[in-house]
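One structure is given here, and the rest of the page talks about it.
Throughout, read-outs are computed from the coordinates displayed, never taken from laboratory work. Every value quoted in this text rests on a predicted model; they were computed, and no experiment measured them. Cβ placement follows ideal geometry from the backbone for every residue including glycine, while neighbour counts extend to all protein chains displayed.
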Amino acid sequence: AALWLLLAGIASAQLAYQSYPDFIAGATDIVSGKVVSTSAHWGVHGRIFTDVTVEITSTAKGNAQKANSTLTFTVLGGQIDKLKLLASELPTFKTGDEAVLYLNNHHGTKYGIYGGFRGKVSIITSSGTGAKSVVVEPEVAKAVTEKKAKSSKAGSASAATSSDGSVPLDDYLDYVRGIVAQQEAENTAK
């Protein structure tokens, strides 16, 4: 039987809610991609950490490697033999996962997930069409569809959101890039 540990303290601390623009501003890098490998290892104080390597397909913010390159970051938690450490406020990763990732670059060399669970937005691929989408918070889905409707000047804003709250991946990334561009313009003007 596997031994399950739930890490209290650091990882289960309550995360303060941030508006979506503030959340985007807080991440140093935002990328989408596919997890190509995970490797758990022992860290300080007997904790388990997992190195996650992602093949980047798109960059929405930051200086992370560009498309078709890889990026590795470390998360608290993982499994070594029969010992599993779960960090209650952090997402987990497995090979094959596709996601939009919100990251923080620490000291110019190491990346970590930003914002706990909000830092991983899973990408869903339709089995019928192969179309990629993400499920996001309702207010974000509404903003994405409104932006898409304004840019296409056709159709209703609600038409782009499916009944499960998902929006097309490309529309979501365009929305995020738009916020990043607006924030960069505001910072330049200061």
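Using the structure shown, list the pairs from Lys84/Lys120; Lys61/Lys110; Lys66/Lys94; Lys66/Lys132; Lys66/Lys190; Lys94/Lys132 with a Cα-Cα distance above 26 Å, or answer none. Write out the running numbers ahead of the final one.
Numbers: Lys84/Lys120 20 Å; Lys61/Lys110 16 Å; Lys66/Lys94 22 Å; Lys66/Lys132 20 Å; Lys66/Lys190 28 Å; Lys94/Lys132 19 Å.
With Cα atoms farther than 26 Å apart: Lys66/Lys190.
Assuming R0 = 30 Å, what is the FRET efficiency of Asp81 and Val36, from their Cβ-Cβ distance, to the nearest 0.05?
Numbers: r = 23 Å, r/R0 = 0.76.
Taking R0 as 30 Å, the efficiency between Asp81 and Val36 is 0.85.
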Quiz item: At a Förster radius of 45 Å, what calculated FRET efficiency corresponds to the Cβ-Cβ distance of His45 and Gln183, to the nearest 0.05?
Solution: 0.75
Quiz item: Arranged from highest to lowest average of other beta-carbon atoms within 10 Å per residue, in what order do the peptides 69-76, 123-130, 55-62 appear?
Solution: 55-62, 69-76, 123-130
Self-check item: Hypothetical label at His106: residues of the range 19-60 whose amide nitrogen lies under 11 Å (7 Å Cα-Cβ projection)
Solution: 44
